[in-house]
Amino acid sequence: MPHIAVIIPHYNDPDRLARCLTALIPQAGEDVEIVVADNASTVDLSHVRDKFPTVRFVTEPTSGAGPARNRGVAETTAPWLMFIDADCLPADDWIAIGRRIAKEDTVIGGRVDVFHETPRPCSGAEAFEQVFAFKMQAYLTRDAFLGAGNLVTSRAVFDRVGGFRPAVSEDKEWSQRAAATGYVLDFDHQLAVGHPSRQDWQALRHKWRRLTSEGFLLDGQGGRGRMRWLARALLMPISVILHIPKIMRSSGLENREKIRAVWTLTRVRFARMGWMIIQAVTGKV
């Protein structure tokens, strides 16, 4: 009987999945079960299955990381659950830290460190993500939610809160539902994973188009919700001005990378403004 189950949603990213599993296997003792919940990938995973025979692979045909996570949980009986995404790279002590910090009636998130898969200099998308992506502790402090790509909780909590909802901003909705149910949301800086930055504008645009649609489904419903959503949209140009100093103060970027980041920040914010106005007016994602 496993004591801890590591749940990994996956879709069409076998190389990063293999990288994640390579880092996880040495950490997993006999009481740890690793479950990959695949969203019916259209690419061949046989070489990954063969390389990691101790890993359980299950299939969830409903698209989305949320349904995949739910399926992974349903396929194991372990009393403790750790969630990580297939494209993430866990720290060498990720499972050990999760084991040590796990607490009853608590959901604990950890930090997500951005790393680049291409040589320097950074593209605009990479530089933007280095400055702005995955500010997990700020998400908890400001918006009261934890990211599901680096999460520890008990099965008892998960069973009572229920599974992740598809289509909406699932980790935000699930975290807030957990808090509303009476459970504590907490953050531990030692619980760390790495996440690769998006490498180009197309990948970054896809991410933010999805996040904007999920956010509208969660926060922009009803007359008042749509008015608040429209107001947020109209503030996007101001947010560009407010966030430029953060880029310029970034010690990890060269000057040309900072310029690229500013341009990408502008593109992202104005793209989001357009999407959000259309959503507020039409009610459609």
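The values are calculated or read from the model by the stated rules, or taken from the named source; none is laboratory data. Predicted model, so just to flag it, every value in this text is computed and none were measured. Cβ coordinates were reconstructed from backbone atoms using ideal geometry, including for glycine residues, and neighbour counts include every protein chain displayed. Note: areas computed on protein heavy atoms with side chains; ligands, DNA, RNA excluded. Shrake-Rupley method; radii C 1.70, N 1.55, O 1.52, S 1.80 Å.
Just one of 137, 130 is at pLDDT below 95, in a helix (DSSP H, G or I), touching a strand residue (DSSP E or B) at 6+ places or on another chain (Cβ under 9 Å) and open to solvent by 40 Å² or more (accessible area, probe 1.4 Å); which is it? Don't jump to the end; show me each part of the working.
Working: 130 fails: at pLDDT below 95.
Only one candidate passes the filter, namely 137.
With respect to (1) open to solvent by less than 60 Å² (accessible area, probe 1.4 Å); (2) in contact with a helix residue (DSSP H, G or I) (Cβ under 8 Å, 6 or more places away or on another chain), the lone exception for residue 101 is condition (2). Criterion first (in contact with a Leu (Cβ under 9 Å, 6 or more places away or on another chain), touching a residue at least 60 places away in the same chain (Cβ under 8 Å) and open to solvent by less than 30 Å² (accessible area, probe 1.4 Å)) does residue 34 satisfy it? No, not satisfied.
Across segment 190-239, the number of residues qualifying as in a helix (DSSP H, G or I), crowded, with 17+ Cβ neighbours inside 10 Å and among the β-branched types (Val, Ile, Thr) comes to 1.
Condition (residue is under 12 Å from residue 85 (Cα atoms) and of a type in the set (D, E, K, R)) applied to segment 26-38: is it met by at least one residue? Checking segment 26-38: at least one residue is under 12 Å from residue 85 (Cα atoms) and of a type in the set (D, E, K, R).
For segment 195-213, the count of residues that are β-branched (Val, Ile, Thr), over 25 Å from residue 20 (Cα atoms) and touching a Leu at 6+ places or on another chain (Cβ under 8 Å) is zero. Looking only at segment 251-264, residues that are at pLDDT 95 or above and open to solvent by less than 40 Å² (accessible area, probe 1.4 Å) come to 6 in all. Residues considered: 164, 145, 187. Of these, the only one that is in contact (Cβ under 8 Å) with a residue 12 or more places away in the chain, in contact with a Gly (Cβ under 6 Å, 6 or more places away or on another chain) and either assigned to a loop (DSSP other than H, G, I, E, B) or small (Gly, Ala, Ser) (or both) is 164.
Determine whether residue 74 is closer than 20 Å to residue 194 by Cβ, open to solvent by 10 Å² or more (accessible area, probe 1.4 Å) and within 22 Å of the chain's Cα centre (by Cα). So residue 74 fails the test.
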